[in-house]
Amino acid sequence: PVPIIIDCDPGHDDALAIMLAAADPAIDLLAITTVAGNQTLEKTTLNARRVCTIAGITDVPVAAGCARPLLQPLAVADDVHGASGLDGPRFPEPTVDVVPEHAVELIHRILLEHPEPVTLVPTAPLTNIALLLTRHPDSAARIREIVLMGGSTERGNRTPAAEFNIMTDPEAADIVFRSGVPLTMCGLNVTHQALATPEIRARFDGLGTELGQVCSELLAFFASTYSRLWGMPHPPLHDPVAVARVIDPAIVDVVDANVTVELHGRYTRGATVVDLHRYLDRPVNARVAVRLDTEWFWDRMVTAVEVLGSR
Ligand code: BDR
Ligand code: CA
């Protein structure tokens, strides 16, 4: 299995990304770290503990990281994920606790201690990862790859040009994209291929487990916000796509490209400028996801919830 650390801000889709990473036999989940994004750090960390508790993920350390972006103030996505960051289901009081170590220090320690290079899977603003790379430059050589959910080859979902994870901390994203660490970007152009239709929700219900029910309720809430905010009848399940790419690279097709994070544009700050057609004379710094095998994706996602829910 591929050793990974998931850095997240749960978040409905982050919750399912955690479950996929914890259950799939192709992955060895070494840690779950949290950052401010969809909600405050306090809430995303509580939500990570809630997800671990309800899914029976008790053997993976959870650590809290940065509470605000590097330069700009935090702007949460309560319009998308609700006041709790994980609105919809009722969660029991979490029994899984956080470890008393800052996420950035935990990631650094694991990178140095693990016998093989580790893949980082950020599904949130890149604040923790940027801090890791700047505070601990020896980390870079120990990272096998960064496979992130963020950006887009097309338009944004936070501003006309910018996707939420990049827009929340553009300076952090810029540091990560310029780091030279092998990087795969799973942006909106590919995550919008992972649509949670009512048929998909019925598959989670059909598992007949409490966890299947919770996932169905998470997707129902997510569907209501996507329909209200974007007129999309089926919500895209962004974050698990990055995990899927690690599970089996053949499931997510990529193309090599130069990606630059726009920091200064008056209307385009936070945009990922993806040079698919090599207009600019700039080196390739990313693999950019362009196509998802959706049938495979949902089979593996539903199986993960089935496995966790019945153990
Ligand atoms: C990203 O933004 C967050 O709201 C989601 O959890 C996902 O990581 C999609 O733009
Ligand atoms: Ca997220």
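Just so you know, all these numbers are worked out from the coordinates, no wet-lab data involved. Note that the structure is a prediction, hence the values are computed from the model and not measured. A quick note on method: Cβ atoms are made from the backbone with ideal geometry, for glycine too, and the neighbour counts reach across all protein chains shown.
Of the peptides 191-198, 121-128, the ranking by mean beta-carbon count within 10 Å, highest at the top, reads 121-128, 191-198. For the range 119-274, the alpha-carbon coordinates run over 47, 37, 27 Å along the three principal axes, in decreasing order.
Ordering L111, I200, V176 by Cα displacement along the dipole of the chain toward the positive end leaves V176 in first place; charges were set at the Cβ atoms of Lys, Arg (+1) and Asp, Glu (-1).
What does the C-alpha gyration tensor say about the overall shape of the range 158-198? Classify as rounded when a/c is under 1.5, otherwise prolate if a/b is larger than b/c, or oblate. Oblate is the answer for the range 158-198, as a/c is 1.5 or above yet b/c matches or exceeds a/b. For T184, the residues whose amide H sits under 5 Å from its own are I146, V147, L148, R287, ignoring neighbours fewer than 5 places away on the same chain, with H placed 1.01 Å from N. When the range 232-311 is described by a simple charge dipole with +1 on each Lys and Arg Cβ and -1 on each Asp and Glu Cβ, the residue from H234, L280, Y267 located farthest towards its positive end is Y267. Please sort by residue number the trypsin sites (Lys or Arg not before Pro) in the range 35-122 whose DSSP state is loop and whose Cβ has at most 15 other Cβ atoms within 10 Å. Qualifying residues, ordered by number: R90.
Computed over the range 241-311, the P(r) tail beyond 17 angstrom holds 59 percent of alpha carbon pairs.
Computed about its Cα centre, the charge dipole of the range 122-188 is approximately 100 debye, with only Lys, Arg, Asp and Glu carrying charge at their Cβ.
Think of the chain as a dipole: +1 on every Lys or Arg Cβ, -1 on every Asp or Glu Cβ, centred on the Cα centre; then among P61, L30, I6, I6 lies furthest on the positive end. Which number comes out as Rg/Rh for the range 139-224 once both Rg and the Kirkwood Rh are worked out on C-alpha atoms? Rounded to two decimals, Rg over Rh is 1.10. The loop-placed GluC sites (Glu not before Pro) in the range 106-178, going by DSSP, that have at most 16 neighbouring Cβ atoms within 10 Å of their Cβ come out as E154. Of all DSSP beta bridges confined to the chain, the antiparallel ones make up roughly 30%. What longest region of the chain stays clear of chymotrypsin sites (Phe, Trp or Tyr not before Pro) that DSSP places outside H, G, I, E and B and that have at most 14 other Cβ atoms within 10 Å? The reported range is 1-266. Kirkwood's formula applied to the C-alpha pairs of the chain gives a hydrodynamic radius of 18.9 angstrom. Over the range 186-266, the hull volume per residue, using the convex hull of the C-alpha atoms, is 133 Å³. The simple spin-label model puts a point 7 Å past each Cα toward its Cβ; for T197 and T303 those points are separated by 2.1 nm. Between A83 and R282, the contour length at 0.36 nm per residue exceeds the Cα-Cα span by 67.5 nm.
For the chain, the Cβ-based charge dipole about the Cα centre amounts to some 560 debye (Lys, Arg positive; Asp, Glu negative; other atoms uncharged).
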